[in-house]
Amino acid sequence: MSLDFLGNLERTHLCGTLRAAEAGKHVVLMGWVNRRRDHGNLIFLDLRDRTGIAQVVLDAELCPEGHRKGEQVRPEYVVAAVGKVRLRDKDAINPKMPTGEIEIEATDLRVLNDTRLAPFSPSDDAIQNEEVRLKYRYVDLRRAEMQQNFRLRHDITLAIRDNLSQQGFLEIETPILTKSTPEGARDFLVPSRVHPGEFYALPQSPQIFKQILMISGFDRYFQIARCFRDEDLRADRQLEFTQVDLEMSFPRQETVFGVVEQFMKAAFAAAGVELPVPFPRISYDESMRQFGTDKPDLRLPGLTDVHSAFTSEALATLQVDPALPIVALRIPKVGELSRKEREDNHPLFDLKKGAKFIDDFKRLAKSFPEAAAKVRELAGAADEDFVIIVAGDPAHHIKASDTKFPGRLSEREINVYAAAGNFRAELAKKYAERHGAFRITDEVVQNARARSAALIDGSQAFHPMWLTDFPMFEYDLAAGKWVPAHHPFTAPIEADMPNLVSDPASVRANCYDLAMNGLELGSGSIRIHRKDVQQQIFASLGITEQEAKARFGFFLDALEYGTPPHGGIALGLDRIVMLLAGAANLREVIAFPKTAKAIDLMAEAPTPVSEQQLKELHIRVALKS
RNA sequence: GGGGACGUAGCUCAGUUUGGUUAGAGCGCUGCCCUGUCACGGCAGAGGUCGCGGGUUCGAGCCCCGUCGUCCCCGCCA
């Protein structure tokens, strides 16, 4: 069909905002045709823009030209509707729509653009095919749910910026092209044209720069910072992601917690949710014991120590390592599972962690009726609750004693807890419908979206938790030495410093994580600001002065020029938005995300580049055959 | 690198258990009809290399092997 020019037509209103109060006004609306209902001489168009939908009426008698065009428009055509707002007859009011009391009596319709038939319609909320959604992301993003997600993201980001600014933080940008450091995640490298054979790296975080900003006297820095890590993706991990990154001078751990609690409260308020502060705290060891993870989800029961339910004879018969934890995990209201249902769950358990599980209670009860009953009692299990016992496998090649140091959890213990914790999280996801523990979060998120004036109580739906007292070092059994569990500028807790050399196992790091509903939201630490302490740490890690200089030279220099005590944290903005959007993965809150195989299906990145480009960059590609 | 789920019409899915006529449904799409619909309705119609390759078989959407893609998890992510 022939298209119309916009001419000097100016939009006067937004579709979703029209109400009965506007009745009688002449309006010009522009947007996409959401649906068309053709009654012959009367055509209804649902016109959609970012604010919502309004009904346009094309009457063959009142507006023959517009009606004629209306016969030809199709969903997702872009049109301008000119006309008068009028109240609908009482029996024509649609109470399901915010604009349902009015409609636009069209006097003119301009067809601004047509469309190819998209593989799905933005008005269709049943679309689940992520491949198609990502390829046609521009259509997917038109969907009301996506529009809401990005409105939410905007509001949250704005609130955090505003709040941190009010708390005296200054937003300062740091380089995207920077220096590769071999620590941590894999870097994305950028070849230098000017310097043959040399590379920049994209920042995994602004870590070193923000510390230098403290040395530079900015006192309080923050940045909504894009970060890049070339690692495998997950539901909560993308190659590039956004951190709320901040650093402050002269803080105690408490100071950082206070700052974060304030801006998190503000961020949640921007999403319509009241988040109580301060957040509760738990030590790393306690979190591992109780939840088998350092990002606990407190909406479900934790792990229960059920060692006491078993006699040593029973453990021997069951082939369970008595030196390792024996815990029960309980998923409420799952009901009794058939053998096949249980077996379907077995791949969710990570056998490589040196742990095993018992999920057949009937069989257990035949041989050890008291133990079976005692386990369920200790775990507080009701009849319809599903209980699994997780314990150490004595056949594992690393013995329970091999990595055991007094006063802290051993690698084997951690792995048994982790196997239980992972299993718990996977089963919780699988049986979400049955246990219903996640429903409260969905409800709060849904209600908050409706944006009534008052904030909705989020205390039952969101469970923030500070994790503290992480071990400073981990023992690398293969290398036979202590390695840092965090980046090497993390300060030890002051009281533990005398033990740095004599008893590294006992040293705790002055760092902290923020977890919520099974997600790690952020991680930070108080940093080392003294050269002598930094040298001690390097020494206890077996890093020579030359090595340290090669890796972090400029930063170690900077540390010697009057570095104030400082510390900070970085929080995953995408994850915060994901929680508040009620989304199951990050792709729902990132406009142009990548697939699990790190591909942008819309832009079709990555791709090979021309020989000429490679040549300019002094690069030759040698693919492994 | 490893484990798991999925892949049938544009979309959502049934059909795969136990191989057997021309592979179905709803939505969407096309044409016609319709002045009060709002998931409009009515009539008619088009649309399928059953992800791809190979194998078994008289015969494969269904069985076997391989491969590709999407998703989830482990490893990895200081």
Looking only at helices (runs of 4 or more DSSP H) that lie completely in the range A:176-293, which have at least 3 residues being within 16 Å of RNA strand B (Cβ to nearest atom) and more than 30 Å from A:Ser459 (Cα to Cα)? A:207-215
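Table: residues versus (1) of a type in the set (D, E, K, R); (2) open to solvent by 40 Å² or more (accessible area, probe 1.4 Å); (3) assigned to a loop (DSSP other than H, G, I, E, B); (4) farther than 21 Å from A:Val334 by Cα.
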| site | (1), (2), (3), (4) |
| --- | --- |
| A:Phe423 | no, no, no, no |
| A:Glu433 | yes, yes, no, no |
| A:Ala437 | no, no, yes, no |
| A:Ala453 | no, yes, yes, yes |
| A:Ser459 | no, no, yes, yes |
| A:Met465 | no, no, no, yes |
Which residue, of A:Gly436, A:Gly380, is at pLDDT 95 or above and at positive phi? A:Gly380
Looking only at the range A:16-49, which residues are among the small types (Gly, Ala, Ser) and within 41 Å of the chain's Cα centre (by Cα)? A:Gly16, A:Ala20, A:Gly31
Might you let me know whether the range A:123-139 holds any residue that is within 9 Å of RNA strand B (Cβ to nearest atom), open to solvent by less than 40 Å² (accessible area, probe 1.4 Å), assigned to a loop (DSSP other than H, G, I, E, B) and over 19 Å from A:Leu601 (Cβ atoms)? yes
With the requirement that a residue be β-branched (Val, Ile, Thr) and outside any loop (DSSP other than H, G, I, E, B), what does the range A:574-612 give you? A:Ile576, A:Val577, A:Val589
Hey, could you check the range A:84-111 for residues that are open to solvent by less than 60 Å² (accessible area, probe 1.4 Å) and either farther than 16 Å from A:Leu58 by Cβ or β-branched (Val, Ile, Thr) (or both) and say which is farthest from RNA strand B (Cβ to nearest atom)? A:Val111
Is one or more of the residues making up the range A:400-417 open to solvent by less than 40 Å² (accessible area, probe 1.4 Å), under 26 Å from A:Leu303 (Cα atoms) and more than 16 Å from RNA strand B (Cβ to nearest atom)? yes
Counting only residues in the range A:24-51 that are touching a residue at least 60 places away in the same chain (Cβ under 8 Å) and open to solvent by 20 Å² or more (accessible area, probe 1.4 Å), the one nearest to RNA strand B (Cβ to nearest atom) is identified as A:Arg35
What number goes with the only condition from (1) within 39 Å of the chain's Cα centre (by Cα); (2) within 10 Å of RNA strand B (Cβ to nearest atom); (3) open to solvent by less than 40 Å² (accessible area, probe 1.4 Å) that A:Ala60 does not pass? (1)
A:Lys333 in contact with a His (Cβ under 8 Å, 6 or more places away or on another chain), charged (D, E, K, R), open to solvent by 40 Å² or more (accessible area, probe 1.4 Å) and away from RNA strand B (no atom under 16 Å from the Cβ): yes
Hey, does the range A:470-491 have a residue that's surrounded by 13 or more Cβ atoms within 10 Å (Cβ to Cβ) and under 21 Å from A:Ala583 (Cβ atoms)? no
Does the range A:570-578 contain any residue that is open to solvent by 30 Å² or more (accessible area, probe 1.4 Å) and either more than 12 Å from RNA strand B (Cβ to nearest atom) or over 31 Å from the mean Cα position of the chain (by Cα) (or both)? no
Hey, can you tell me all the residues within the range A:63-72 that are within 25 Å of A:Tyr138 (Cα to Cα) and more than 10 Å from RNA strand B (Cβ to nearest atom)? A:Gly70
Among A:Ala495, A:Ala505, which is the only one that is in contact with a Phe, Trp or Tyr (Cβ under 7 Å, 6 or more places away or on another chain), of a type in the set (A, V, I, L, M), assigned to a helix (DSSP H, G or I) and more than 16 Å from RNA strand B (Cβ to nearest atom)? A:Ala505
Return yes or no: is A:Val445 crowded, with 18+ Cβ neighbours inside 10 Å, at pLDDT 90 or above and more than 27 Å from the chain's Cα centre (by Cα)? no
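The values are calculated or read from the model by the stated rules, or taken from the named source; none is laboratory data. Owing to the predicted nature of the structure, the values given are computational and were not obtained by experimental measurement. Note that we place each Cβ from the backbone using ideal geometry, even for glycine, and neighbour counts take in every protein chain shown. What goes into the accessible areas is simple: the full protein's heavy atoms, side chains included, and nothing from ligands, DNA or RNA. Shrake-Rupley method; radii C 1.70, N 1.55, O 1.52, S 1.80 Å.
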